[in-house]
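One structure below.
The values are calculated or read from the model by the stated rules, or taken from the named source; none is laboratory data. Source: prediction; values computed, not measured. Glycine also receives a Cβ, built like all others from the backbone with ideal geometry; neighbour counts cover every protein chain displayed.
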Amino acid sequence: MIFKCCARCGKLVRYGQRYCDGCVLYAQTEAEQAKRLSLIRYNRQRDPKYAALYNSKAWELLRDRVLLECEYTCERCGGVMATEVHHVVPLSEDWSRRYDRANLVGLCFDCHNAAHARFTPRGGDSAATASAAGAD
């Protein structure tokens, strides 16, 4: 059996585990606190009207309804569990459609990030850039 050191206290743990039994609960609590603080920081940077919308009971109920109607299946890729509700017409373009069911789709985490072009390489895909440059 292979062992390594606990990431927190240095005790020996089985390979594949990160923490010993004594540190697991502490590490989980620490991670939850870090996530909560990150969300608080994110909401402070966000426009207050958007933060109020996404923290409202009305949005929570509508979001749950949309996810139930799509049966928690991503409406873009169809194969992954939908966990996000996306506004097709962005709120920045039409604030009046924020609660419009026809403007909402259930998406998985990856499709929602793709819809907002999050976590994409800056300057576009290097392979696509190289092939486009060769086409001139």
Can you work out which of the residues in the stretch 77-136 that are among the polar types (S, T, N, Q) and at pLDDT below 90 is nearest to the chain's Cα centre (by Cα)? 120
Taking residue 54 as the residue in question, decide whether it is hydroxyl-bearing (Ser, Thr, Tyr) and touching a Phe, Trp or Tyr at 6+ places or on another chain (Cβ under 8 Å). no
Among 54, 15, the single one that is in contact with a strand residue (DSSP E or B) (Cβ under 7 Å, 6 or more places away or on another chain) and either surrounded by fewer than 10 Cβ atoms within 10 Å (Cβ to Cβ) or modelled with pLDDT under 95 (or both) is 15
What is the residue count in the stretch 59-88 for residues that are in contact with a helix residue (DSSP H, G or I) (Cβ under 6 Å, 6 or more places away or on another chain), closer than 19 Å to residue 49 by Cα and surrounded by 14 or more Cβ atoms within 10 Å (Cβ to Cβ)? 4
